[in-house]
Every structure is written in structure tokens, then in C-alpha cells.
Amino acid sequence: MDEAVVALVMLVVFAWGLFSTRLGRADLSAPIIFVTVGLLLSQVVHVVEPELSREAVKLLAEVTLVWVLFADASRVGIREFRADLGLYTRLLAVGLPLTIAAGTLLAMWMFDGMGVWLALLVGAALAPTDAALGSGVMADPAVPERIRRVLNVESGLNDGIATPVVMFAIAGAVAAGVIDGGPGGGLSGLAIGLAVGVALGAVGGRAMRLAGRRGWMSEDFAGPGVLALALAAYAATLWLDGNGFVAAFVAGLAFGNSAGRGGVKEVFYVEQTAGLVSLLTWLTFGAIAVPIVMAEIDWRMAGYAVLSLTVLRMLPVCLVLLGARLSPATMAFVGWFGPRGLASIIFALIALEELHGEADRVVAIIGTTVLFSVFAHGLSAKPLANRYAATATDVVPVPPGDGSAQLPIRGLLHRPAAGPARPAGEPGEPRAG
């Protein structure tokens, strides 16, 4: 990629900054725009080479996901997290394994010759969700705050939980039964990620609060410092053979609840930076992965992608939310907004590195599903959010000062202007589950 290409890409990013609000009104999210631009640059203009280093692309995607997870989690209050713990347990401890199992069985049935390990890889890689692709939902104040928070936390944790399963499947495919969970594998990897994330996030947040109060901290470098803290949590956890993505999310949660008001601006800096690298990641996906998908796609891959985004996601979600005192409309809404994004792309790149030619069909299936999700969830986010907000019946007043008024939207859609304050007692979020 030469200087002219870099200049062109940066001008596209600048143009998005100028017209993001207008494009957002037309239901055109950043992933839609930048996947399309990446495809045009590589296939029409021929200025982006598809042979870019896989390692460089994987590094870009990993850094993006780490900052996104950290920023998202930092906006979630501990009190609200505890209040919704029952919903998170349902979705992550029961719903996620059901989705992985269903995706594995469907892959084995639909694709001839795909053994259990590659099928498990497909099912696990496509189970995590990415709230960024439904950013219209996350940015819409008409959608109950609690539902936005549940979608955000679920997408922040499920990629870390799925990582050991992905590594297990890759190891099984490579070693033909001699299993090594790999870095971050199993419950020990999750525990290490949890411990490192809590420790670094809490200590970092308290240190920033103390430094700000005593005048030790320069505001010019506080934001980059928090960026570094997120990467430190991820890298330190990998060094300890733990789950880095869980560490990044938990570190953000601990930081946001220990830094106090002094950390708000720095978290916004992380969100803005994550927004920039997210744009580049989606552009790269459009330039490199989409041409592969277009060359490999067949009716089975398309059918699997549709089923993965609908039945395989929505049915487990509705089953685990039974008894949570949520309306059918709310369960269907949560089930539909399970987009596939950055985590699935990273898992596909890891599989490509480890399995080489054997992973081509797996990567094509994952890429097809992510591509479908970019457009399906991006275009449907705003219309369905408006319809759901207008028809939801299981609502109660929003608790005052719950700290979740500005949930993160990963820098991929304009932040709506603050509207008039909601009158006391007006419906705002579903009952506790």
C-alpha cells in the first residue's frame, strides 16, 4: 500500500466524518460504507492489494477489538451489571453454548466432508456478537436503556468466552485428537483474564483519579495512557496464557467504575480511537475477505449464513429468556440484534494461519455470514429499533442516575443530540429478569 492509497483511504475516513449523520439517517452504518469502499478499492479501482499480510490484518483487528471492548465496558455501571446478572447468565452460560452446538450440528449436516472439528470451529467463530453492527440500536434513546446495556455487555463477553472453544477446535483439527487448549483455553484462561482485568483496570482507574486530584496528570497524555492500559491488560493476560479479550472487557468495567468522573474524557478518547481503527478494519475486510467470499460462495454458504443470523441465534435466545418476564417482542428484538463482526473475523484469520488450505471453506463461511450481517443488521437497526420502541409493553421507569444514559456505540455512528429530559415515571426499560 503506497502513499497515494494511504492518502485516499484517509480522505474517505474524513468524508465519513463530514457526512456520518446524514448517512446514518439513511440507515447506512460505517461497516456498510467501509466494507463497500474496501471492495471498490480492491476490485474496481485496483489500488488496494488483496495480498496484504495476514499477520498485519490480524493485529489490526485484535487491537481494534481490545479498545472497543475496553471502551464499551467502561460505560457499564457495576450496580446495573449486578441487577442484570440473571439475564447475562442466561445469555452467556446457556444461550451461547446452545448457539455453538446448533451451529456445529448444522455445519456438519450442510457441508459434505466437514468433520466435527471444522464444524465446531464454524459454530464457535460465529457465535459471538458485535454490537457495532447494530449501532443504530445502541445510539437510539427510544430503545430502553437496559436492553441496550444487555446487548452491549453480551457482545463484550461472548467473544472472550468463545475463544477457548475456537482454539480447542483448531487444535483438534491440527492434532487429530491430541488436544491442547492453546493460549487462553478453558476455564483457567477465563479466570486469568478476569483476574488481570480486574487488577489492572481497578488500579489504573484509582491511579488516574489520584493523579488528577493532585495535579500530576497532563490531560494531553491521559487519553493515550488509557489506550495503553487496555493493551497492557490484553498483552499481560496473553503472556500468562489467559484470555485477553475477557481481560480487556473486565479491565474497562473496573476502570470505568474506579476512575470516577475524571476518566470520562479519557474513555471518550479511547472510543474515538477505536472508531478510527474500526473503520480501517472494515475497509480491510471489504478489500481482502469479501473478494474471497464472492469467489467461494455457493447456496450452502448463503443458506448457512441466513440460518446462523436468524434461527441459530434467535431460537436459543428466546428459549433462555423464557421466564425472565420479558415480552415476546423484547425476546425477538434481543435475538435479532446479534450481529457478527470483529471477533468472527479474528477467529477466521487465526484459523487461516493455523490450518492454511484446510481453512479456506471455513473462512468463506465465516466471511459470508459477517458480510450478510453487515448489511442485514446495519439496514434494519434503525427501523426495527423504532418499531420496537413504539410497541414495547414490558417497561418500567428508568432508575434516576443509573449511569447508563450514554451507552457506547463504538464510534461507528453519530452520537445523537441530547433530547429533552424524560418526565419522571415515563416508561423507559423492561422489568428485571
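For VAL306, indicate whether it is modelled with pLDDT of 90 or more, surrounded by fewer than 16 Cβ atoms within 10 Å (Cβ to Cβ) and either in contact with a Gly (Cβ under 7 Å, 6 or more places away or on another chain) or among the β-branched types (Val, Ile, Thr) (or both). Outline the logic, then answer.
Numbers: modelled with pLDDT of 90 or more: yes; surrounded by fewer than 16 Cβ atoms within 10 Å (Cβ to Cβ): yes; either in contact with a Gly (Cβ under 7 Å, 6 or more places away or on another chain) or among the β-branched types (Val, Ile, Thr) (or both): yes.
For VAL306, the condition - modelled with pLDDT of 90 or more, surrounded by fewer than 16 Cβ atoms within 10 Å (Cβ to Cβ) and either in contact with a Gly (Cβ under 7 Å, 6 or more places away or on another chain) or among the β-branched types (Val, Ile, Thr) (or both) - is met.
On the basis of being touching a residue at least 24 places away in the same chain (Cβ under 8 Å) and in a helix (DSSP H, G or I), does ALA332 make the cut? So that I can check it myself, show each step before the final result.
Working: touching a residue at least 24 places away in the same chain (Cβ under 8 Å): no; in a helix (DSSP H, G or I): yes.
The answer is no for ALA332.
Filter the range 68-93 down to residues that are part of a helix (DSSP H, G or I) and touching a residue at least 24 places away in the same chain (Cβ under 8 Å), then give me how many there are. Show your work before the answer.
Of the range 68-93, the ones part of a helix (DSSP H, G or I) are 68-74, 78-83, 85-93.
Now drop any that are not touching a residue at least 24 places away in the same chain (Cβ under 8 Å), which leaves 68-74, 78-81, 83, 86-88, 90-92.
Final tally of qualifying residues: 18.
Give all pairs with beta carbons closer than 9 Å in which a residue from the range 210-229 that is free of Cβ contacts under 8 Å to residues at least 12 places away in the same chain meets a residue that is surrounded by fewer than 13 Cβ atoms within 10 Å (Cβ to Cβ) and among the aromatic types (Phe, Trp, Tyr); count only pairs at least 6 apart in sequence or on separate chains.
Taking only residues 6 or more apart or on different chains, the pairs are LEU210/TRP216.
Can you find a residue that is touching a Pro at 6+ places or on another chain (Cβ under 8 Å) and surrounded by fewer than 21 Cβ atoms within 10 Å (Cβ to Cβ) anywhere in the range 198-218?
No, the range 198-218 contains no residue that is touching a Pro at 6+ places or on another chain (Cβ under 8 Å) and surrounded by fewer than 21 Cβ atoms within 10 Å (Cβ to Cβ).
What number of residues within the range 121-146 are assigned to a helix (DSSP H, G or I), modelled with pLDDT under 85 and of a type outside the set (Lys, Arg)? Let's see the steps before the verdict.
Here is the first cut: in the range 121-146, the ones assigned to a helix (DSSP H, G or I) are 121-125, 131-138, 145-146.
If we keep only those that are modelled with pLDDT under 85 too, we end up with 131-138, 145-146.
Subsequent filtering for residues that are of a type outside the set (Lys, Arg) retains 131-138, 145.
Looking only at that region, the number is 9.
The values are calculated or read from the model by the stated rules, or taken from the named source; none is laboratory data. Quick caveat: nothing in here was measured; it's all calculated off a predicted structure. Reconstructed Cβ throughout: ideal geometry from the backbone, glycine too, with neighbour counts over all protein chains shown.
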